[in-house]
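Engineer: This is the structure, below, for whatever I ask next.
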Amino acid sequence: MSDKELSRYQELQKAHEKRQTLAHTAIILGLSLRQVKRLSKRLKAEGPAGLISRKVGKPGNHRLPAGLKELALGLIQDQYVDFGPTLAHEYLSEKHGLPLSVSTVRNLMIEHQIWFFKKQRRKRIFYLRPRRAREGELIQLDGSEHEWFEGRGPYCTLLCFIDDATSKIMFLKFVKSENVIDYFDAMRGYIEQHGRPQTVYPDKHSVFRVNREGALSGSGMTQFGRAMQELDIQLICANTPQAKGRVERRHRDLQDRLIKAMRLHKIATLEEANAFLPSFIDDFNKRFGQSPQDAANAHRPLLPTHNLDRIFCQRTLRQLSKNLTLQYKNVIYQIINESYAMRGATVEVLESKDGSITIEFKGKPLITVPYHQMQARTEEISSKELMTKLAEKPKYTPKPGRYHPWRRGGARGFSRRSSLASSY
C-alpha cells in the first residue's frame, strides 16, 4: 500500500470503530462523502487490499506500443547518436514516422547516456604541463587587443613574448593590429635582443598557420612559418587558449599594471608606450620572474648565413608570362634585359617592410619596371584587424542641402517656391 492508501485505511478504521463519522472522515481525506462510503464498503468486503488502486499492475492508457522504444533507440544509436533530442525527434517523426514526443526521445537518450544536460556534461580537464627547464626553450607568443590608453590614444594591440621556464616577459611591443609585418618586426627585435629561441608557441591565428582546409596554392606554410623554418626555430600552434595559459594570464596582469603605469606617466601614443616598455619589463620581471631549473640559456646566436632583412620580408612565388611580365598586388612588372628562355619561369617576389619590391630568379635579382597599375580590388583583412580598420575610417556626416527642412529656420510652411517668390 502507498502512503495515501495507508492513510485512508487508518481514517476508515476510526469510522468503523465509531470514533468519527464518515462525513468527518471525508473532510480529513479530502474526498466526497459518496467516495468515502464506497471505500468503506470495499474495506468491509475485501479488507485492506480493497483500498489498493485497481490500476496497479495494468498497462497505462498512454503506454507506447511494444517495440517502439527499442526501434527508436536503435535508429538513434545507428544514425543520430550525435543529435540533440529536438533534432532527433524531427527526423524520427518526419523520416521514419514514429509517433514519439520530444520528451520521450529526450528521456530515452538520457536513460541510455546518449545525451546529457549541460550541467551533467563533463567539462574538459586541462592537466598542468611542467615548465621547460631552460630559458629560451619555449617562448609563448600572443597579442592582446585592448583599450590600452583608456581613450587617450588609439585602440591597439600589445604583442607579448613570455618565457615558459621563468614566466618572464621577454619582449613587448605595441602595434596597430596583429599582422605578419608587425610580428616580423617584433620577432626580429626579440632575436636581436636575446637570440634565437628553440620553440615559439603561438595560437592558430592566420599569421602562424594556414587555416583553410585543402588549400592548393602556396607551400602550405605562412610567411611567419617560413621565416621560423629558415631560422631553425620550431613553431607549435596551441589548440586551446588554456594550453598557453602563462601568456594569457600575463595579459590579465598587463591590462591592470601596465595601463595604470602608463596613466601615471601620461602616455598617449604608440611611440611613447614602446619607449616606456623596457623599464616596465625590468621592474615587472624583478617582482614576478622565477628562476629556471637549469641555469644554462637555450637561446642561440645568429649564424653568418642568416640575413634578417631577407628572412623577415614577405616572399611570394610568381610565374612569368610569355612577355616576361608578372602581376603582384595589382601592379604588372616587366622583366627587362633577360632572354625569352625565361618565359614560364617561376620567380620569387620579395616585399620589405617599406614596400619596396625585389624580384629574384634562383637567388639572382632581376631588373624590373612597373608597367601598369590595375584597379585595386577589395581589401581582405583578418578579424583581428577589423576594429583597427574601422577606427581609421572617418565617419560620414551628411550635409543638408540649401533648401533642406533643417535650414528653414523654424518657419512653418517655408518652401523653396515661397522663398524664390519673395526674392522678386
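Taken together, the values in this text are just the output of simple stated rules run on the coordinates, not laboratory data. Bear in mind that the values here come from a model prediction, so they are computed numbers and not experimental data. Here the Cβ is made from the backbone with ideal geometry for all residues, glycine too, and neighbour counts use every protein chain on show.
Engineer: How much length would be gained if the chain were fully extended between Ala49 and Ala296, taking 0.36 nm per residue of separation minus their Cα-Cα distance, in nm to one decimal? Before the final figure, lay out the partial values.
Structural biologist: Details: separation 247, 0.36 × 247 = 88.92 nm, distance 8.69 nm.
Between Ala49 and Ala296, full extension yields an extra 80.2 nm.
Engineer: List the residues, sorted by chain then number, that are 5 or more residues from Arg300 or on another chain and whose placed amide H is less than 5 Å from its amide H.
Structural biologist: Arg196
Engineer: Right, another one. Report the Cα centroid-to-centroid distance between the stretch 130-162 and the stretch 10-34 in angstrom, as an integer.
Structural biologist: First find each Cα centre; the distance between them is then 80 Å.
Engineer: Would you calculate the separation in nanometres between label points at Ser339 and Thr305, each defined as 7 Å from the Cα along the Cα-to-beta-carbon direction?
Structural biologist: The answer from the label model is 3.0 nm.
Engineer: In addition: Between Phe288 and Glu145, what length comes free when the chain is fully extended (0.36 nm per residue of separation minus the Cα-Cα distance, one decimal in nm)?
Structural biologist: On the way: separation 143, 0.36 × 143 = 51.48 nm, distance 2.30 nm.
Extra length available between Phe288 and Glu145 comes to 49.2 nm.
Engineer: Now, a different point. What order do you get for 288-298, 149-159 when each peptide is scored by the mean count of other beta carbon atoms within 10 Å, highest first? Don't skip to the end; give the middle numbers.
Structural biologist: Values: 288-298: 13.8, 149-159: 17.2.
Per-residue mean Cβ counts within 10 Å order the peptides as 149-159, 288-298.
Engineer: On to the next question. Mind ordering 220-232, 71-83 by average Cβ neighbours within 10 Å, highest first?
Structural biologist: Details: 220-232: 17.4, 71-83: 15.0.
In descending order of packing, they fall as 220-232, 71-83.
Engineer: Given the pairs Lys168/Lys329; Lys286/Lys353; Lys329/Lys364, which span a C-alpha to C-alpha distance of over 30 angstrom in this model?
Structural biologist: Working: Lys168/Lys329 40 Å; Lys286/Lys353 34 Å; Lys329/Lys364 22 Å.
As for pairs spanning more than 30 Å Cα to Cα, those are Lys168/Lys329; Lys286/Lys353.
Engineer: Quick one: grab the alpha carbon gyration tensor of the stretch 68-111, order the square roots of its eigenvalues as a ≥ b ≥ c, and give me rounded if a/c is under 1.5, else prolate or oblate depending on whether a/b is larger than b/c.
Structural biologist: On the way: a/c = 1.16, a/b = 1.10, b/c = 1.05.
Rounded is the answer for the stretch 68-111, as its axis ratio a/c remains below 1.5.
Engineer: Taking a ≥ b ≥ c as the square roots of the Cα gyration tensor eigenvalues, with a/c under 1.5 meaning rounded and otherwise prolate when a/b beats b/c, else oblate, which class fits the chain?
Structural biologist: Values: a/c = 2.35, a/b = 1.92, b/c = 1.23.
Prolate, since a/c reaches 1.5 and a/b exceeds b/c.
Engineer: Between Thr316 and Cys237, take the C-beta separation as r, use R0 = 35 Å, and let me know the FRET efficiency to the nearest 0.05.
Structural biologist: 0.95
Engineer: Okay, helix-only estimate at 222 nm for the chain: each DSSP H run of n ≥ 4 adds -39500 (n - 2.57), divide by all residues, round to 500 deg cm²/dmol; what do you get?
Structural biologist: Values: 13 runs with 149 residues, N = 424.
Helices in the chain give a 222 nm mean residue ellipticity of -11000 deg cm²/dmol.
Engineer: GluC sites (Glu not before Pro), restricted to the stretch 1-97: which are DSSP loop and have at most 15 other Cβ atoms within 10 Å?
Structural biologist: Numbers: sites: Glu5, Glu11, Glu17, Glu46, Glu70, Glu90, Glu94; in loops: Glu17.
The qualifying sites are Glu17.
Engineer: Related question: Counting only C-alpha contacts under 8 Å and six or more residues apart, can you give the relative contact order of the stretch 313-373 as a whole percent?
Structural biologist: Working: 112 pairs, mean separation 23.2, N = 61.
Reported relative contact order: 38 percent.
Engineer: What FRET efficiency do you get for Val81 and Arg212 if R0 is 30 Å and r is their Cβ-Cβ distance, rounded to the nearest 0.05?
Structural biologist: 0.55
Engineer: Percent relative contact order of the stretch 68-111, based on C-alpha pairs within less than 8 angstrom and at least six residues apart? List each step's numbers first, then the result.
Structural biologist: Values: 23 pairs, mean separation 18.3, N = 44.
Result for the stretch 68-111 is 42 percent.
Engineer: Starting from the Cα gyration tensor of the stretch 69-168, take the square roots of the eigenvalues, sort them a ≥ b ≥ c, and report rounded, prolate or oblate (rounded when a/c is under 1.5, otherwise prolate if a/b is larger than b/c, else oblate). Please report the intermediate quantities before stating the final value.
Structural biologist: Values: a/c = 4.54, a/b = 2.40, b/c = 1.90.
The shape class here is prolate.
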